[in-house]
Each structure stands twice: as structure tokens, then as C-alpha cells.
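Student: Quick one: the structure is below, questions incoming.
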Amino acid sequence: MKKMGDDILILGIESSCDETAASVVKNGREILSNTIYSQIDLHTLYGGVVPEIASRKHIEKVNQVVEQSLAEAGVTLNDIDGIAVTYGPGLVGALLVGVSFAKAISFASNVPLVGVHHIEGHISANYIENKELQPPFMCLVASGGHSHLVLVKDYGEYEIIARTRDDAAGEAFDKVARAIGLGYPGGPKIDKISKEGNPDAIVFPRGKVEGSDYDFSFSGLKSAVLNYLNGCRMKGEEFSQADVAASFQKAVIEVLVEHSLKATKEHGIEQFAIAGGVASNSSLRAAFEAECERQKIKFYHPSPKLCTDNAAMIASAGYYEYIKGYRSGYDLNAVPNLQIGEKQGVFIP
């Protein structure tokens, strides 16, 4: 088995939602290729991701993106040391496509298989562009399905410090964007239009969770925005899309920043990172950068292209599992509600 000092190539495969992706990463931190086929245009017609359509499109594209990624990296399967694949959480049909394909090429090429947790992949995206980053650090993972505050104790060793009690931050962005007529996907559209609005035009509530200083809650905020819009419509009053978006976004950002950095400080951690689709929001990144500088906390973030679903982050996470000796069997299955820390596989000393 190769050790940390040797060059190790990992082929990553990601299909948990509506991106079919493959990537070749060297030593967990150097991208040799990163191929992504996005289905956003397809799902925009329906205002959100349609699981059956996503699964069918993954079947059509998975072989193509893997072949393209290997070609761009200038390698073949014979050069690959391990195949890392997302097996949860996510849409079960979509996950099954990636898992089945990874198992097939692992068996055919006799290359070890490593199952990867999708959220652990998002966290590992920070390693790719921040070569100096090493655990321990605190990481906020904010996406359409997740709002987790995770203490990264070591590579592959995580503790969930906080999570959302209802809507994830990205889910709230999508629902509010739809309500004010921006459509899908909501996050990038709210980020863009908010630059034209007044973030102090409307005072929306900041969600608090009784008995927890760290957990998140965004359903009350979402309801407050919907109530404001309904009130305007009932009174026949016009409302500004930009002002509503900017005021909503400010409320989300203030909660994420306050809770995250409070937890970071109180756990004695000096490094903080963000990850996930919402982490590409320009106002959120700016707010964390400013507050981390004020509190003298080192701040890390992936570039926007590595915040959304991609296979490079899966390959990076898979690398650290691989060098520890973790392997998955051919009984690896999709687990749509997989929890951080759960594993299907064995360690080979």
C-alpha cells in the first residue's frame, strides 16, 4: 500500500444530485482534471430538481464524463490508485448511478474502491486550493440540503457542532427566490440582485434555537418573507425584488456568521472554512472574511467552482481515506440519509 509521501492518483465520481462529475486528483490536493456535466437547464423548466430526470441523465453521461476526465488528466485506469465515489447523502436514484458505475470499473480494473460522504467531500474542497490548511479547523457546510457546522479534528475525523433544525440555508434561498419571481436556482440569482437592493429596507427575523447557541433555523425567516410578500399583494402595494432579496440575504448571513464564529472561538479553534453551494455567495464570503479578520481567525474557502457539487472534492476526501487504509466492498450501496461518520467498508492495516 502506498504511503502519504508517494504520489497517489484518485479518480473521483460524483452524482448525488443534478451534476454528473468526474475528476482525477493527485495526492489529495492537485487537480489534474475536473469534468462536470450540469443539469441546471433541464431542471429550471420545473423550478427545481426532478429526481427521475436527474437519474436518467446521470446514466447517459457518467461514462462520458469519466472518460473525458481521464483523457484530460493524461492517464488511464491503469494509472489510478483508487476510485472514490459519493454514496450518500443525496437522491437515491442519482447516487445509485455513480455507485454502480464506480463498482463496475473498480471490479473490471482491479482498482480499490473508496466510498465517500458527500458533506466530507465539500469540506475537503478546501484542501485543494489552500495547500497550507490542515486540521483542526471549523467548517460551515451550507448548501441546498445541508447547513452543518463541523469540527474537523483530523483528516476523515469529524464532529457535528451544529445543524439546521428545519430548512437548510440553500433551501431557504431557493424558496424565497421562487416567491419573489426570480426562479431556479435561487442562490446565485439572489446573490446577484441583492447587489442592487438595500439590505436594511426590511427587517426580517434572525432565527434562534432555544437551548442551542450554535444550531440554525431558517423556516421562520422564510415564512416572514412570504408573509411580507402576501401583505404587499393583499394591499395592492408594489415591492422591490432587490430590497427583499438583499434584506433576506442579510438576515441569513448574520446568523451564519454569528453562530459559526461563536462556536469556533468557544472551541478554541483558530482556523475557519466554508464549503457547499451557499459558500459561493459573494456577500457571505465577504462577511466571513471581514469578521474573521476582526477576530483574528484564519479564513479559508474554495473558489466558487469548487463550492458546487464536483468530483475533485470527492477525490480529495477519498485520498485521505485511501492512505489510512479504508476500502469499500462491492456491496457498497447508496445511502440517501447517510450521516457524517457512518461508513460502509473496512480498514486494511
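The values are calculated or read from the model by the stated rules, or taken from the named source; none is laboratory data. None of these values were measured; they are calculated from a predicted model. Please note: Cβ atoms are built from the backbone with ideal geometry, for glycine as well, and neighbour counts cover all protein chains shown.
Student: Taking Ile202 as meeting all but one of (1) out of contact with any Phe, Trp or Tyr (no Cβ under 8 Å at 6 or more places or on another chain); (2) within 30 Å of Arg233 (Cα to Cα); (3) surrounded by fewer than 21 Cβ atoms within 10 Å (Cβ to Cβ), write down the number of the exception.
Tutor: The single condition Ile202 does not satisfy is (1).
Student: Please find, within segment 51-82, the residue that is surrounded by the fewest Cβ atoms within 10 Å (Cβ to Cβ) out of those that are outside any helix (DSSP H, G or I) and either basic (Lys, Arg) or touching a helix residue (DSSP H, G or I) at 6+ places or on another chain (Cβ under 9 Å) (or both).
Tutor: Filtering segment 51-82 for residues that are outside any helix (DSSP H, G or I) and either basic (Lys, Arg) or touching a helix residue (DSSP H, G or I) at 6+ places or on another chain (Cβ under 9 Å) (or both), the one surrounded by the fewest Cβ atoms within 10 Å (Cβ to Cβ) comes out as Thr76.
Student: Kindly provide the set of residues from segment 263-300 that are among the hydroxyl-bearing types (Ser, Thr, Tyr) and either more than 17 Å from the chain's Cα centre (by Cα) or not in a helix (DSSP H, G or I) (or both), ordered by number.
Tutor: Thr264, Ser283, Tyr300
Student: Between a residue in segment 240-266 that is in contact (Cβ under 8 Å) with a residue 40 or more places away in the chain and aromatic (Phe, Trp, Tyr) and any residue that is in a helix (DSSP H, G or I) and buried (at least 21 other Cβ atoms within 10 Å of the Cβ), which pairs come within a Cβ distance under 6 Å, given they are 6 or more apart or on different chains?
Tutor: Listed by first residue and then by second, the contacts come to Phe248/Val176; Phe248/Val225.
Student: Give, as residue ranges, the strands (runs of 3 or more DSSP E) completely inside segment 83-182 that count at least 3 residues that are surrounded by fewer than 19 Cβ atoms within 10 Å (Cβ to Cβ).
Tutor: 157-163
Residue by residue, here is whether (1) of a type in the set (S, T, N, Q); (2) out of contact with any Asp or Glu (no Cβ under 6 Å at 6 or more places or on another chain) holds:
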{"site": "Gly231", "(1), (2)": "no, yes"}
{"site": "Gln241", "(1), (2)": "yes, yes"}
{"site": "Phe248", "(1), (2)": "no, yes"}
{"site": "Ala275", "(1), (2)": "no, yes"}
{"site": "Leu284", "(1), (2)": "no, yes"}
{"site": "Phe299", "(1), (2)": "no, no"}
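Student: Could I ask something else about it? Give me the pairs, please: first residue somewhere in segment 281-296 and within 17 Å of Ala251 (Cβ to Cβ) and in the same structural domain as Ser143 (by TED's automatic domain parsing), second residue anywhere and among the basic types (Lys, Arg) and part of a helix (DSSP H, G or I), beta-carbon distance under 8 Å, and either six or more positions apart or on two chains.
Tutor: Taking only residues 6 or more apart or on different chains, the pairs are Ser283/Lys250.
Student: Select from segment 301-337 the residues that are aliphatic (A, V, I, L, M) and part of a loop (DSSP other than H, G, I, E, B) and list them in ascending order.
Tutor: Matches in segment 301-337: Ala311, Leu332, Ala334, Val335.
Student: Residues in segment 241-259: is at least one surrounded by fewer than 19 Cβ atoms within 10 Å (Cβ to Cβ), among the basic types (Lys, Arg), modelled with pLDDT of 95 or more and within 29 Å of Phe137 (Cα to Cα)?
Tutor: no
Student: Could you list all residues from segment 24-74 that are out of contact with any strand residue (DSSP E or B) (no Cβ under 7 Å at 6 or more places or on another chain) and of a type in the set (A, V, I, L, M)?
Tutor: Answer for segment 24-74, where residues must be out of contact with any strand residue (DSSP E or B) (no Cβ under 7 Å at 6 or more places or on another chain) and of a type in the set (A, V, I, L, M): Ile40, Leu42, Leu45, Val49, Val50, Ile53, Ala54, Ile59, Ala71.
Student: Given the criterion modelled with pLDDT under 95 and of a type outside the set (A, V, I, L, M), identify the matching residue among Lys2, Lys26.
Tutor: One residue alone meets the criteria, Lys2.
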